[in-house]
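Trainee: The structure is given below, and queries will be raised subsequently.
Every number in this text was worked out from the coordinates using simple rules, so none of it is lab data. All figures in this text were calculated on a predicted structure; none of them were measured in a lab. All Cβ positions, glycine included, derive from the backbone under ideal geometry; neighbour counts span all protein chains shown.
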2 protein chains.
Amino acid sequence: MTSRDGYLWTEQAGLRPGIPSIGVIAPATNVTSPNAFYDVVVIGAGYCGLTAARDASLSGLNVLLLEARDRIGGRSWSSNIDGYPFEMGGTWVHWGQPHVWREISRYQMQNELKTSFDFSHGVNHFQLNTAGGSATMSHEEEDSLFASALGKFVNVDGAFGRNIMPQPANMFHVPKARELDNLSAQDRIDAIAPLLSPNERAVLEGFVLLCSGGTLKGMSFLEFLHWWAICGYTYQGCLDYLITYKFSGGQSSFAINFFKEALSTKRLSYAFSTPIKSVNDKGSKVEVTARNGHTYQAARIICTVPLNVLSTVSFDPPLPAGKCAAIGVGHVNQCVKVHAEVGDKAMRSWTGVTYPSNPLIYAIGDGTTPAGNTHVVAFGADQHHIQPEEKLAETFAAVQNLAPGKMDAVRRLVFHNWSKDEFAKGAWFFSPPKLLADHLEDMRARHGNVYFASSDWALLWRSFIDGAIEEGARAAMAVKTELAEADKVNLRL
Amino acid sequence: MTSRDGYLWTEQAGLRPGIPSIGVIAPATNVTSPNAFYDVVVIGAGYCGLTAARDASLSGLNVLLLEARDRIGGRSWSSNIDGYPFEMGGTWVHWGQPHVWREISRYQMQNELKTSFDFSHGVNHFQLNTAGGSATMSHEEEDSLFASALGKFVNVDGAFGRNIMPQPANMFHVPKARELDNLSAQDRIDAIAPLLSPNERAVLEGFVLLCSGGTLKGMSFLEFLHWWAICGYTYQGCLDYLITYKFSGGQSSFAINFFKEALSTKRLSYAFSTPIKSVNDKGSKVEVTARNGHTYQAARIICTVPLNVLSTVSFDPPLPAGKCAAIGVGHVNQCVKVHAEVGDKAMRSWTGVTYPSNPLIYAIGDGTTPAGNTHVVAFGADQHHIQPEEKLAETFAAVQNLAPGKMDAVRRLVFHNWSKDEFAKGAWFFSPPKLLADHLEDMRARHGNVYFASSDWALLWRSFIDGAIEEGARAAMAVKTELAEADKVNLRL
């Protein structure tokens, strides 16, 4: 099946919108009783909504899953093109990510991982292109350079962040962490600038922009420190957790299991291509109205709409001030992720940073396609942002600038423009300064019969697939428990 | 409620068997229809059986949970004595342990962790007592010594184990790992002996015996390497994962949530103090006969009996050769874990290794009791084994030898003798050489309508609470899927 989402460019066909995915669901709905009353309506079929719908239906609730897109996965999905998976958003997982690994384990997919890095091919080095020129170094030297730079960045407490954030699932366990959330990445870089060599500064800025997809001034230092903490407070941990292990069949091969299991309960109704207009909580029930005019009724709502999109849904009664304030601030991630299939086989072992001159900053050889070409994945940010489908020539140039002379034979480009996506308005959550200190609890709070669940406000792997599952499980558990206690629903037991 | 398990010694009362726990279940059974036919009988109410029973009952199956003891938790439980929790077996958890953390997160217990180490008190050092004498060093020096010694031990591949075991949930992903399972810890120590200082050798042997509870010759080197890999391939990771974070209310406050949630489905029947004699698979159904003569019938069985105890249950048809071989070998862990409450407040920050002369090898200050005393937890192994309740004087001496002159005022001892426990026959699983390479798949295999689930053969955090949950979830998922597909049971949907 082909999704409306994503873009594919090839020399033969040029740029075309829409790419295939096993996450596309057909038929688009199984709803036969338009006036049914549900125990819970789940808005959004990303990992969070899928988890919520699965857990709720497993526990005996009648569930309606509504999704604006034609596919599952939300900001995380894969497209299998000519027998090769491209990850459109979200890619890497690890056995130390608890919520995602529990599912990998439960679905017995532990042996379906492959690694992005493969340092056994010809162009086996790291390339750093800065204003000062271009340099190549071994991957060992690359690791030392990044580790040194990041170590200086995070070392606010003489313990590389361990003292200020000893329990990352409880981010403000040490109250002083709250003050630190006033800092942007730029603030922290300014403070340590004398300690950084030019190369350290370049890779540090490139790496934190890779993580945030934002700008140095716009991104929270503390949120980066949280990433660092969940990665075990080391650069090696960042590599292991953030960018090493991916699904050999593409991650939609994982997400589809949640949907299928929920369906197997026979308690899951769903409607795709059904964006939501409004949520009206009448106390004894909640009405959800879609843009197409259909209205659905339920005892509870689990709303997994991302922070940056929540302002497009009308809530009655209106959302409280704290939540509105968080929505007004929003998150800062406008990551540009571009897959390029290039003719040089040897580039499989290449990695590079090109900064600050290029819209694509950080890139790695990520695989070898069935045709024997190298698959390179490249990331840009809001700092020097580009809309690939609107600026195709600049996008090619940005790919080629990553390794001049080595990237000329581009056979294919694949990408999803998350910034222009009305149901995402950005990529994974990354906080600006103060948002988490001021509003994390507001974002997590329920509003009457409406629960809000999203990786955007998860406690541990916030922004990751893992955080989405954490949140979906939390919401389903809360709804199940509440409905059972209130005896407001006749659980199908 | 007071369990039959465990021992408590105080000066006033002397040695008494049985200690309190919120894991004791009363009434001991809720079975009202002795001839009921169940979808699944789960044998054992440790974390594995609790998870299996919970997941199966949540998914619509009628479940009978049978347990030999008077309490939940199996080899992992806590006793709250005078307002202070003592962990009788299993203690530490971490957010990077996926299966356990998913549950901590789902039960919203993320903020109920405290740390074992607290290096802010008076006796703030590491004490190493060896044949060569006694030395004290700072905790930083302690960490350097352990890290250096362990680094030499695990570095079989020039990459500290990363190359030989890059995917620890898939232990034999690199086939060469299989050969390595021929080695005992002693074999590996012999190979690197010239590289080790006397102090390095002492702490290395002490640490690996802490992990295995066995003997150096009897324990598998590869299984230790697996522990090292899941801890992130660093000594700091070992500290973080193995011995730092515990439940502030004791871990039985965690386990009870599984039981309560399963009960809330109204599909859980249970009987405690009901040891099993035999399992008879008749093809169309399975009969489980208890020692008390009661027989229970079900479509499927999930047997969570530990490896070392499986020989006490009679199976018809008999278990296949591979499984019998694994049972015949057994695991090697005869850990002795003793809690001592000592009068010296300052010992809170102390850690120590006393080796090889003492039955208790590794100990740390683990907390401060309500009375203001220091709670020290100490570990021994099969190497120089002691049965504390039979050798009380030697046990006191073993505690006092850990820090001569500092441990004299022992106010209380608390322990569970796992070696003498007929339902455990040892502590957490630790493999001898070859068992995993030869029989991991045999241990994991089903036998007709009987599924075998245990942390003893988990893939990732084998031997840990995490592995028990991994296995319970696997078994429940398999039974649920099979019964739904076979339509052999009328799921209560």
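Trainee: What does the C-alpha gyration tensor say about the overall shape of region A:72-195? Classify as rounded when a/c is under 1.5, otherwise prolate if a/b is larger than b/c, or oblate.
Mentor: Cα axes put region A:72-195 in the oblate bin.
Trainee: Let me ask something else. For region A:411-463, what does the relative contact order come out to in percent, with C-alpha contacts under 8 Å and a separation of six or more?
Mentor: Working: 31 pairs, mean separation 13.8, N = 53.
Contact order relative to length: 26 percent.
Trainee: Tally the DSSP beta bridges in region B:254-321 and give the antiparallel ones as a percent, rounded to 5. Write out the running numbers ahead of the final one.
Mentor: Values: 9 of 12 bridges.
Percent antiparallel among DSSP bridges in region B:254-321 is about 75.
Trainee: Also: Report the dimensions of chain A along its three principal axes from the alpha-carbon atoms, largest first, rounded to Å.
Mentor: Projected onto its principal axes, the Cα set of chain A covers 67, 55, 39 Å.
Trainee: Then there's this: For n ≥ 4 DSSP H runs only, could you compute -39500 (n - 2.57) per run for the protein assembly as shown, divide by its residues and tell me the 222 nm figure to the nearest 500?
Mentor: Values: 26 runs with 296 residues, N = 986.
Helix contribution divided over all residues of the protein assembly as shown: -9000 deg cm²/dmol.
Trainee: Please report the antiparallel percentage of DSSP beta bridges with both residues in the protein assembly as shown, rounded to the nearest 5.
Mentor: Percent antiparallel among DSSP bridges in the protein assembly as shown is about 70.
Trainee: Whole-Hz Karplus ³J(HN,Hα) for region A:180-192, in order, using 6.51 cos²θ - 1.76 cosθ + 1.60 and θ = phi - 60°, x for Gly and Pro?
Mentor: 4, 6, 6, 7, 8, 4, 4, 4, 5, 5, 4, 5, 10
Trainee: Out of region B:234-275, which trypsin sites (Lys or Arg not before Pro) are coil in DSSP terms and have no more than 16 other C-beta atoms within 10 Å? Please list the in-between numbers first.
Mentor: Details: sites: B:LYS246, B:LYS260, B:LYS266, B:ARG267; in loops: B:LYS266, B:ARG267.
When the trypsin sites (Lys or Arg not before Pro) of region B:234-275 are filtered for loop state and at most 16 Cβ neighbours within 10 Å, B:LYS266 remain.
Trainee: Using θ = phi - 60° and the Karplus curve 6.51 cos²θ - 1.76 cosθ + 1.60, what whole-Hz ³J(HN,Hα) does each residue of region B:209-215 get, with Gly and Pro shown as x?
Mentor: Taking θ as phi minus 60°, the curve returns 6, 4, 6, 8, x, x, 10 Hz for region B:209-215.
Trainee: Could you give, in nm with one decimal, how far B:PRO404 is from each other copy of that position, shortest first, with labels 7 Å out from Cα toward Cβ?
Mentor: Shortest to longest, the spacings are 7.3 nm.
Trainee: Per-residue HN-Hα couplings for region A:428-434, Karplus 6.51 cos²θ - 1.76 cosθ + 1.60 at θ = phi - 60°, whole Hz, x for Gly and Pro?
Mentor: 4, 4, 9, 7, x, x, 6
Trainee: Along Cα-to-Cβ, 7 Å out, sits the label point; list in nm, shortest first, how far the one on B:ASP143 is from those in the other copies.
Mentor: Its label point is 2.0 nm from the equivalent points in the other copies.
Trainee: Can I ask one more? Label position 7 Å from Cα toward Cβ: report the copy-to-copy distances for B:PRO318 in nm, one decimal, ordered from shortest.
Mentor: 7.8
Trainee: Let me ask another. For region A:1-137, which semi-axes, largest first and in whole Å, follow from the square roots of 5 times the eigenvalues of its Cα gyration tensor?
Mentor: Values: eigenvalues 274, 94, 37 Å².
Values for region A:1-137, descending: 37, 22, 14 Å.
Trainee: Ok, one more. So in chain A, what percent of DSSP beta bridges are antiparallel if you round to the nearest 5? Walk me through the numbers before you get to the answer.
Mentor: Numbers: 59 of 84 bridges.
For chain A, the DSSP antiparallel bridge percentage is about 70.
Trainee: Indicate the gyration tensor shape class of the protein assembly as shown (rounded, prolate or oblate), computed on the Cα atoms with a ≥ b ≥ c the square roots of the eigenvalues: a/c under 1.5 is rounded; otherwise a/b larger than b/c is prolate and the rest oblate. Walk me through the intermediate numbers first.
Mentor: On the way: a/c = 1.67, a/b = 1.24, b/c = 1.35.
It is oblate, given that a/c is not under 1.5 and a/b is not larger than b/c.
Trainee: Take every residue in peptide B:305-313, count the Cβ atoms of other chains within 10 Å of its Cβ, and give the average of those counts.
Mentor: Values: counts 0, 0, 0, 0, 0, 0, 0, 0, 0.
Across the residues of B:305-313, the mean count of other-chain Cβ atoms within 10 Å is 0.
Trainee: So for the pair B:SER134, B:ASP408, with labels modelled 7 Å out along Cα→Cβ, what separation do we get in nm?
Mentor: 1.2
Trainee: Continuing with this model, one more query. Only Cα pairs under 8 Å and at least 6 apart count here; give the relative contact order of chain B as a rounded whole percent. Show your work: numbers first, answer last.
Mentor: Values: 1123 pairs, mean separation 121.5, N = 493.
Answer for chain B is 25 percent.
Trainee: How high is the relative contact order of region A:312-456, given as a whole-number percent (alpha carbon pairs under 8 Å, six or more residues apart)?
Mentor: On the way: 242 pairs, mean separation 43.8, N = 145.
That works out to 30 percent.
Trainee: Moving to a separate point now. Whole number please: convex hull volume per residue of the Cα set in region A:375-449, in Å³? Mind showing how you got there, number by number?
Mentor: Working: hull volume 10.4 nm³, N = 75.
It comes to 139 Å³ per residue, whole-number rounded.
Trainee: Please go through region B:318-414 and write out the trypsin sites (Lys or Arg not before Pro) that DSSP classes as loop and that have at most 16 other C-beta atoms within 10 Å. Numbers along the way, then the final one.
Mentor: On the way: sites: B:LYS323, B:LYS337, B:LYS345, B:ARG348, B:LYS391, B:LYS406, B:ARG411, B:ARG412; in loops: B:LYS391, B:LYS406.
Taking region B:318-414 and a limit of 16 other Cβ atoms within 10 Å, the loop trypsin sites (Lys or Arg not before Pro) found are B:LYS391.
Trainee: Region B:221-301: Rg/Rh from Cα coordinates, Kirkwood Rh?
Mentor: Values: Rg = 20.1 Å, Rh = 16.9 Å.
Reported Rg/Rh, Kirkwood definition of Rh: 1.18.
Trainee: Rounded to the nearest 0.05, what FRET efficiency do A:THR312 and B:PHE37 have when you use their Cβ-Cβ distance and R0 = 56 Å? Before the final figure, lay out each step's value.
Mentor: Details: r = 53 Å, r/R0 = 0.94.
In this case the efficiency is close to 0.60.
Trainee: Related question: How far apart, in nanometres, would the label points at A:ALA486 and B:GLU287 be if each is projected 7 angstrom from Cα along the Cα-to-Cβ direction?
Mentor: Distance between label points: 4.9 nm.
Trainee: Now a separate question. In whole Å, what are the extents of region B:342-412 along the principal axes defined by its C-alpha atoms, from largest to smallest?
Mentor: 32, 22, 18
Trainee: Of A:LYS285/B:LYS246; A:LYS114/A:LYS260; A:LYS217/A:LYS337; B:LYS277/B:LYS480, which pairs sit farther than 32 Å apart, going by alpha carbon to alpha carbon? Intermediate values should be presented prior to the final figure.
Mentor: Details: A:LYS285/B:LYS246 41 Å; A:LYS114/A:LYS260 24 Å; A:LYS217/A:LYS337 21 Å; B:LYS277/B:LYS480 26 Å.
Beyond 32 Å between Cα atoms: A:LYS285/B:LYS246.
Trainee: Is there a simple number for the mean count of other chain Cβ atoms within 10 Å of the Cβ of residues in B:52-62, and what is it?
Mentor: Taking all residues of B:52-62 together, the mean is 2.
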